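These notes concern the structure reproduced below.
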Amino acid sequence: MSEHIVAGVDIGSTTAKAVVLKNGQLLLGKIESTGSNPARAGQEVLESAITDSGYDKSRLEYTVVTGYGRVSASFADKTVTEITCHGRGAHFVSPDIKTVIDIGGQDSKVISVDASGRVVDFVINDKCASGTGRFLESAAQLVLHVPLEDLGKLSAGATSVCKISSMCTVFAQTEIISLLAAGESKENIIAGLHASIAGRVGTMANRLGVKPVVMMTGGVAKNTGVKYALEKELGTSIIVPDDIDPQLIGALGAALIAEDMLKAKTGT
Amino acid sequence: MNNGNNSILLAGLPERIERDSARITLARNARSKVVGYFCPHVPEELIMAADMIPVRLAQGGDIDAVTAGEDYLKADSCPYARSCLGFRKTENPIYTGVDAVCVAYTCDSMRKNQEYWADYLGIPSFPLGITQTHDRLRSKTQSLEYYKNELNLLAGRLGTLSGQPVTNSKLKRAIELTNRIRDKLWRLFEYPADKQTPIEWRDVFRIAQAGFTMDRQEYLDELTLLDDRLGKIDKQSLTPDSRPRLMICGSIIAQGDDKVLDIVGAAGGNIVADSVCTGSMFSRKRVTLFGLAGSPMDALAERYLYNIPCPFMTDLPKRLSRIVKIARDYNIDGIIYYSLKYCDTWRAEFKAVRDIAQKQLSIPTLLIEAEYSPADIGTIKTKVEAFIEMMEGR
Ligand SMILES: Nc1ncnc2c1ncn2[C@@H]1O[C@H](COP(=O)(O)OP(=O)(O)OP(=O)(O)O)[C@@H](O)[C@H]1O
Ligand SMILES: [Mg+2]
């Protein structure tokens, strides 16, 4: 097959991601915030990713869109769920993985994949934002006044782990305020938040059965505190992709499927 | 995917259902009483034998009715149970058309439903107690005696309401007619076991639901007509359906609660069998009279106590073996387990179903917890689509 460009777009509740492949090889990935118009955010991040990789958008031959915004993305050649895409992307990065834990802004998902990267089972949390990135964002920004990026580093300095019992985002904020008022350190509180997320996701993962090797994907995988808490909760080590931003794994999976689809279409 | 046949066969069906809800109101005007029931533990034969019209009040999927029902039941109780009261307030023609209701005590919310219909809606509301057995063999006599006594009480109340006592011969005639409906309906539900089927489960399911409010004889005539037409189709000439074969089981799928079924269909899934109380179970088992002298009440009790697939009444091993059998008979690739949100009865059973499907059938089970509001459509879509992608990827 001659030189060809395909893309995967993952329009999540919080961020829109695009990954561009050239001849099946990773060219570029990009992340923007989703905002109030998911379809447009997806289109924009896709176009800017292609432009950034030095190509004209007319060169794009196949686009697979995933994430909750997939339903309104008219520019998609095909839509696929995040479950399949995260499984596929994670397997590509590290072919020996069996379990993928994707924690995004609104959902957390645990996916079991087989030796060839196919999904064999999965669970998705329901609706409520507890145990997800949004929960951490609101705590960091609204109550603790620390940058999101620092959560992991800060929690590493905790001397003890606070118990945060509220699972609801709003109630947890109230709880944090009273912990601060009682003189608890931010570090201990953040470690407590991470432990509470790990508890939530851990229960879900155990329902499915956690087989090593375990990989974390999604934006929250960049929070080393959550990774650490989840390792403790599950009693197993977790890998986080380092060659590629873990937040891009869903879009990467979508791009890999786009490559498959294009090959099937052109019969190569 | 499918052949155009069924659309022709089914043309006009929804219109007929609508006409029928109007007929109930008309019947009421004509002084023929209409008696509603919610749960299939209530034998409709008893209502027929008292010369009244039975209708199953199994509508759902309507958020206004759910909200209206919150005047009586708490907001985190099952949306179907809330609707059972709410539809009367939103003036649904079927719910306002009934002269009395029979309510089986199948869960806490339905027990209160029975009392609220009487005390707040001012409608004669007849209870039906059902025993829960834990050892079917050893407690059989007592539970059956108790249930039979409840049926006799109900028959007495129905007879008083209509002024036409329930007699053995009328009961036998009602059983006869209902059995004939069951036989026809069951034939329809058997079709989708074959990959080459002239009718899909979804359409049979709609027909089963249409039967809830149709005149019994007319319903039988419709079924007979359809059965004849389907029988003439050469199955070998049909394109085999290659979509993943799914079974749906769990909470009541009420008439109008199409959300999950629509999502499954749009995602390319093919439901071919069910274990829900509004589906094939009604037709699965006839009422069997034992000999000419056999008591019809005994026969009703035996049929209705032991053959309703509700986890509230049925021992887990029996529930599971039934699900396994259906899955095998219909060559199922995956189970969709539908749990109406806050329906503890069904949600509690899920783990056992999931485990047995995994162990004995090596097939996956997807849990869908849903309300009647459209708010959860996005999440359900993702779950269902991922489940089907997973099966197609195999
Ligand atoms: N540098 C970072 N450090 C820590 N956390 C981060 C960082 N960047 C993003 N996050 C977290 O990642 C979350 C967003 O993740 P992601 O982009 O995977 O979500 P999404 O795909 O939009 O959501 P969903 O999959 O739930 O629809 C944020 O809510 C935030 O908590
Ligand atoms: Mg995501």
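List of remarks:
- Relative packing of peptides A:262-268, B:262-268 - highest average C-beta neighbours within 10 Å first: B:262-268, A:262-268
- Whichever lysines have a C-alpha closer than 22 Å to that of A:Lys263, once near sequence neighbours (fewer than 8 apart) are set aside: A:Lys22, A:Lys57, A:Lys78
- Per-residue mean of C-beta atoms belonging to partner chains within 10 Å, peptide A:81-92: 3
- Using alpha-carbon coordinates, inclination of helix B:13-29 to the longest axis of chain B, degrees: 10 degrees
- The residues of the stretch B:13-167 expose, per residue, 43 Å² of accessible area to a 1.4 Å probe.
- Close Lys pairs in the stretch B:245-394 (alpha-carbon distance under 16 Å; sequence gap of 8 or more, or different chains): 10.
- Amide H to amide H distances under 5 Å link A:Ala16 with A:Glu32, A:Ser33, A:Thr34, where only residues 5 or more positions off or on other chains count and H is placed in the peptide plane.
- Both chains summed, the buried accessible area for B and A stands near 1600 Å², from protein heavy atoms and a 1.4 Å probe.
- Taken residue by residue and averaged, Cβ atoms of other chains lying within 10 Å of the Cβ of B:379-392 number 6.
- Taken one residue at a time, the phi angles of the stretch A:154-169 give Karplus couplings (6.51, -1.76, 1.60, θ = phi - 60°) of 4, 5, 5, x, 5, 8, 8, 9, 5, 8, 9, 8, 6, 8, 7, 3 Hz. Gly and Pro are set to x.
- Mean partner shielding of peptide A:116-124, defined as the number of other chain Cβ atoms within 10 Å of each residue Cβ, is 5.
- 1.4 Å probe accessible area per residue over the stretch A:96-240, in Å²: 42 Å²
- For the stretch B:250-256, putting each phi into the Karplus relation 6.51 cos²θ - 1.76 cosθ + 1.60 with θ = phi - 60° gives couplings of x, 4, 3, 9, 6, 5, x Hz, in residue order, rounded to whole numbers and with x for Gly and Pro.
- Based on DSSP H segments of at least four residues, each scored -39500 (n - 2.57), chain B has a per-residue ellipticity at 222 nm of -15500 deg cm²/dmol.
- Fraction of accessible area attributable to carbon and sulfur, the protein assembly as shown (%, probe 1.4 Å): 51 percent
- DSSP bridge pairs, the protein assembly as shown: antiparallel proportion in percent, nearest 5: 35 percent
- Residue ranges B:233-239, A:3-9 sort as A:3-9, B:233-239 when ordered by packing (mean number of other C-beta atoms within 10 Å per residue, highest first).
- q = 0.16 Å⁻¹: log10 I(q)/I(0) that the Debye formula gives for chain A, counting C-alpha atoms only: -1.13
- Computed over chain B, the Cα gyration tensor eigenvalues convert (square root of 5λ each) into semi-axes of 32, 24, 23 Å, ordered from largest to smallest.
- The alpha-carbon of B:Lys170 sits under 20 angstrom from the alpha-carbons of these lysines, leaving out residues fewer than 8 places away in its chain: B:Lys33, B:Lys148.
- Candidate aspartates and glutamates - alpha carbon under 13 Å from B:Lys74, same-chain residues fewer than 8 apart omitted: B:Asp108
- Translational diffusion coefficient (Stokes-Einstein; Kirkwood radius from C-alpha pairs) of the stretch B:13-167 at 25 °C, 0.890 mPa s, in µm²/s: 151 µm²/s
The values are calculated or read from the model by the stated rules, or taken from the named source; none is laboratory data. Just so we're clear, the structure is a prediction, and the values are computed from it rather than from any experiment. Don't worry about glycine lacking a Cβ; one is built from the backbone with ideal geometry, like all the others, and counts go over all protein chains shown. To get the accessible areas, we keep the full protein, side chains included, count just its heavy atoms, and leave off ligands, DNA and RNA. Shrake-Rupley method; radii C 1.70, N 1.55, O 1.52, S 1.80 Å.
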